[in-house]
Each structure stands twice: as structure tokens, then as C-alpha cells.
Amino acid sequence: MGSSGALVCSTAFVLVLLSSASEDDHMFEQRPITFDFDKIMQEFTIRQEPVHPVEPLETLRARESSRPGVLTPRGRQPSFGPRSFGGPPLLNYPVQFPLGRPTSDNLQAICLHGDRRPHYPDSYFPASGFGQQKRRACAVNKAETWFKTCCKGNQTWEREVTLCCATQAWELSLQNFCTEDSSVKDVLYPCCRLSGSSRLNCFHNDAPNPNYEPTEELPMPPLPSSVVFNFDPNTCQRTVMTPYSARGSRRKNMKKPSTSQKVDINFPPGRPTVDVLEPLCQNQKLRPLYNIKCLPGSGYELVARQAKTINRIEKGFKQCCKKKQNILNCVDRKWTDELDKFCSGVNGEQVDFHCCSKTEASDRYSCFQSISPNPRFNMTSVTEELSLHNVCDTHKIIKKKFPVGFPLKSFVHQCCPLSEQDKSSCFEQRLKEMSGNLCSSKKPSPPAVRRCCRKPSSQDAPECVSNILMDAINKATNFSRQKKKKRCPLS
């Protein structure tokens, strides 16, 4: 009740007393009565209990967090509003929705701080009500869980594929949210009224944490996702960069490259430090160089640029490692110089690569170092298990350097063009035919082949000839590795 109401009550009370004194003048001696209105109002105010008692916010949070079986995102406790007309407190369960669009600038934060952003378990909300907040929380949980799938693949995928995966996860979570939000009789989220890129831009603009910064003091426990996210890397288009504008009109009508070919290139190399100087120099022969002649005519200009940069950096490392002094300064200067060249186009324009967009040189170098697939220079080319299939790649070296005493044309012409599954049966059949022809021929054969023909069983001769061929394949493979043959950036 306000002060005006109190004044009215006090005035009425005075009138009643005056009336009562007038009627009872026969019983009491009439005397003047005075009132101190200021004192009455002061006492009335002191005795009046507040109609809307508001407890301290920390007390209410502590009381809520002490309820058994209730989980809330750390650092995001439910807030409480004042009581309304003596009713129960209005609980408000905040949700950091929507999430921002994944970009090359926030991709690292998406993968790095996933467990330090809010998750919303079922126990965060009451059993009933708060439908819209629950739908928003479900969309966040789905996206964060699917981001983990993309970030795990980041160990083997190129960065563009990981970003493509995260973008698809983000878009799918919002698509599911709008489908659920429009299926109930509730206020539809405004962005869901839009479509296409307008809808996605709307959600991104509403994001409270578009940079995906960590907001929780302690890591959040993982949440299982009931909806499976299936991602196919082949659905992503590779980053295309055409630094030579003159080539645009000439290649406009050329066939686009197939997205089924995966880019396999270790770009960029890590920045040299004193801790990695030893493996940098010792493992250089084991790290791959790249041949760009195998790349299609258009669509892979950025890959070719990356391959050339790696080749030049490795060549500079080789020259620096031969020195006896100032090796670290030499390799670091070569690394920074070549990456500066990588970011500058032929005509001085900036190359379309996210690290190149950094204004400061130190920021660019830090960006390249952070995305390097081999920052400690301890990864080498995978040593494959040799088989007869390798004769398709080494037959020329075998013929020149390690002759086996029998022709390999039948293997190369008949078996090598076949699929991997058909090659094995083809090689087995050719070996039987070759061993039979060699042993039945009256022409002189090398000593190793004659020993195979003297085997007691007819089944032993093909196996013996196969061992001769495998020995030559092994020698030819080691010889090609010593020559450091460049490999194709496409797998």
C-alpha cells in the first residue's frame, strides 16, 4: 500500500475518534485531542511488511544449485525475477543461442574450446514448460556434438574440409531447430520465417558468441547425441584460387576438376625452432616433395602454389642444414620468406588463404604455425608394404638398374591397367605362365631362374620367380626413395 492510502486510513481513524468523543461527552470530560501525523506515518511505515520481498541473487542461486538432480551449465545459473502478486518466482533458463557461422577465423576456437562452452543436459530444465528454450538448447547440443566429429577428422582432413564439415553441422542443426519450432503452437523464432542464405545470416547476426570463445571456467561433460551426423568429405568443393587473371578466359570452358580426388599435401611446414632443428635436418630425405605436373589444368591453382612453396622451403632447409653455424636463423628466414611469397600474388594481390589475410607479419606466421600438420617435423612419408603391384611403378628402374633376366611387359601391359582387386589374380596367372615358359625354353637363363626351374614341385617355380621379382622391386623402390621422387599432391 502506498503513502496516500496510509494517509486516508489515518484521517478516517481521526474522524471516528472525534465522533466518538462527541457522543460520549456524558461519560468523559471533553478535552481537545491533537495528533502528530508525521509520527503516525513513521510508525505505520515501520510496522508495514514489504509486499515484494526480494532475496539476494547469490542466495537464490545457491538455493537452486543445492536442489538434488538439477544440472546447470557452469557459469550460467538460472536467474530469478521478482515475485508477482505473491506468486512463485519466475525462473529463467538462459541458453546461448544461436551459434555463429563457422569460418576460417573461428574454426580453431570451435575445435579447441568445445568443452568450455555451455551444454544443456535434460536436468537443466524443469520437467514441463520452457519448450522454446529446450528447442534452442537441443540445437546447441547437436551442433556442439557434431563439431567434435568434424574436429576429429581435422587430423587427417585438409582445413577446408574441416570447415565444410562444421558448416554443414551448423546449418543442419538450425534446419532441425526451425522444423521443430514451426511444428508447435508457439512464437516462431524470427529467423525461421526467412529462407536460404537470409535465414543463415539472420542466425549468425543473432549469435551471442560468434567467435566461439570459452565461457565456462571448467570443462563441460560430453553429451550424447541421438541424431547421427554423417559427413561425406567428397561433398565439399576445394578452395579454388586463380592468381593469373589472364588464364580465366582461356580456362572458362574447361572441365571442372573432380571432387572425388582428395588433396594430400603437408602444408604449411612448421616454423623452425631450436627444439625441432635436429629432426628438421635429419628427416629431410623422408619428407615428401611434390610434383605439380599431375594436377588438372584448372581448379587446383592453390594446391600447386602450396606444393611449390613446400619444395622451395625444403630446398632452402637442405642448404641451411649443411652449414655449421647459424642454422636456426637460416632455416627460419627461409620459412618466413617463402610464406611471404606464398601470400603475394604475381601482381602483388593477396592470395585467397585465411592466414594471408592477417595484417601483421607475426600474426600470419602464428596462423601458419597453428595449422601446420607437422609442426615438430617428426612425420615422414608412410612406408608402404611392397607387393607385386609395385612393379607397375618400378619396372623401368628394374630394367635399367636391377634386371631380373625375364621380360616384364606382360605384367605392365596386361595387369597394371586393371583395378586393385583384379591385379592380384592377373599377377598370379602371369607368374605361372612366365615360370613355365622360362623353364621349358631352351634359351639360356640367369642362374637365379635356373635354380627356380630345378625346384622339385611345379608349384615352387612360380613362387621362386615371384621372390626374384620382389627382390628387384625392393631394390628399385629404395633407389627411387634415395632419389627423392616427387609425389602428386592428389591421392
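The values are calculated or read from the model by the stated rules, or taken from the named source; none is laboratory data. On a predicted model such as this, the values are computed, not experimentally measured, just so you know. Here the Cβ is made from the backbone with ideal geometry for all residues, glycine too, and neighbour counts use every protein chain on show. Remember, those area values only see protein heavy atoms, side chains included, never the ligands or the DNA or RNA. Shrake-Rupley method; radii C 1.70, N 1.55, O 1.52, S 1.80 Å.
Name the residues in the range 280-320 that are over 20 Å from Leu490 (Cα atoms) and more than 28 Å from the chain's Cα centre (by Cα), would you?
Matches in the range 280-320: Cys281, Gln282, Asn283, Gln284, Lys285, Lys315, Gly316, Phe317, Lys318, Gln319, Cys320.
Output the number of the condition that Phe177 fails; it satisfies all remaining conditions of (1) touching a residue at least 24 places away in the same chain (Cβ under 8 Å); (2) open to solvent by 40 Å² or more (accessible area, probe 1.4 Å); (3) of a type outside the set (Val, Ile, Thr).
All conditions are met except number (2).
Report, by residue number, each residue of the range 187-233 that is surrounded by fewer than 12 Cβ atoms within 10 Å (Cβ to Cβ), of a type in the set (S, T, N, Q) and either part of a loop (DSSP other than H, G, I, E, B) or in contact (Cβ under 8 Å) with a residue 24 or more places away in the chain (or both).
Answer for the range 187-233, where residues must be surrounded by fewer than 12 Cβ atoms within 10 Å (Cβ to Cβ), of a type in the set (S, T, N, Q) and either part of a loop (DSSP other than H, G, I, E, B) or in contact (Cβ under 8 Å) with a residue 24 or more places away in the chain (or both): Ser195, Ser226, Asn230.
Looking only at the range 261-277, count every residue that is open to solvent by 30 Å² or more (accessible area, probe 1.4 Å), modelled with pLDDT of 85 or more and within 25 Å of Asn326 (Cα to Cα) and tell me the total.
Filtering the range 261-277 for residues open to solvent by 30 Å² or more (accessible area, probe 1.4 Å) gives 261-262, 264, 266, 271, 273-275, 277.
Among the residues that remain, those that are also modelled with pLDDT of 85 or more are: 266, 271, 273-274, 277.
Now narrow it down to the ones that are within 25 Å of Asn326 (Cα to Cα): 271, 273-274, 277.
Counting residues in the range 261-277 that are open to solvent by 30 Å² or more (accessible area, probe 1.4 Å), modelled with pLDDT of 85 or more and within 25 Å of Asn326 (Cα to Cα) gives 4.
Taking only the range 402-418 into account, find how many residues are farther than 22 Å from Cys464 by Cβ and either aliphatic (A, V, I, L, M) or open to solvent by 70 Å² or more (accessible area, probe 1.4 Å) (or both).
Step one: list which residues in the range 402-418 are farther than 22 Å from Cys464 by Cβ, which gives 413, 416-418.
Filter once more, so that each one left must be either aliphatic (A, V, I, L, M) or open to solvent by 70 Å² or more (accessible area, probe 1.4 Å) (or both): 413, 417-418.
Here the count works out to 3.
Considering only the range 351-368, state which residues are surrounded by 11 or more Cβ atoms within 10 Å (Cβ to Cβ) and out of contact with any Phe, Trp or Tyr (no Cβ under 8 Å at 6 or more places or on another chain). Spell out the reasoning first.
The first filter runs over the range 351-368 and keeps only residues surrounded by 11 or more Cβ atoms within 10 Å (Cβ to Cβ), leaving 351-358, 361, 363-368.
Those that are surrounded by 11 or more Cβ atoms within 10 Å (Cβ to Cβ) and out of contact with any Phe, Trp or Tyr (no Cβ under 8 Å at 6 or more places or on another chain): Asp352, His354, Ser357, Lys358, Ala361, Asp363, Arg364, Tyr365, Ser366, Cys367, Phe368.
Starting from the range 84-108, take each residue that is closer than 29 Å to Ser128 by Cα and list its partners that are of a type in the set (Ser, Thr, Tyr) and modelled with pLDDT of 70 or more, counting only C-beta distances under 7 angstrom and pairs at least six apart or across chains.
Pairs found: Tyr93/Tyr124; Val95/Tyr120; Gly100/Tyr212.
Return only the number of the condition from (1) open to solvent by 20 Å² or more (accessible area, probe 1.4 Å); (2) over 21 Å from Phe368 (Cβ atoms); (3) under 29 Å from the mean Cα position of the chain (by Cα) that Lys323 does not satisfy.
Failing condition for Lys323: (3).
I need the full set of residues from the range 136-183 which are closer than 16 Å to Thr235 by Cα, assigned to a helix (DSSP H, G or I) and aromatic (Phe, Trp, Tyr), in order please.
Of everything in the range 136-183, just one residue is closer than 16 Å to Thr235 by Cα, assigned to a helix (DSSP H, G or I) and aromatic (Phe, Trp, Tyr), namely Trp170.
Give the range 432-466 a look and list any residue that's in a loop (DSSP other than H, G, I, E, B) and open to solvent by 90 Å² or more (accessible area, probe 1.4 Å), or say none. First the steps, then the outcome.
First pass over the range 432-466, keeping only residues in a loop (DSSP other than H, G, I, E, B): 441-446, 454-459.
Passing the criteria: Lys442, Lys443, Pro444, Arg454, Lys455, Pro456, Ser458, Gln459.
What about Leu112, is it under 17 Å from Ala207 (Cβ atoms) and either open to solvent by less than 50 Å² (accessible area, probe 1.4 Å) or within 23 Å of the chain's Cα centre (by Cα) (or both)?
Details: under 17 Å from Ala207 (Cβ atoms): no; either open to solvent by less than 50 Å² (accessible area, probe 1.4 Å) or within 23 Å of the chain's Cα centre (by Cα) (or both): yes.
Criteria not met by Leu112.
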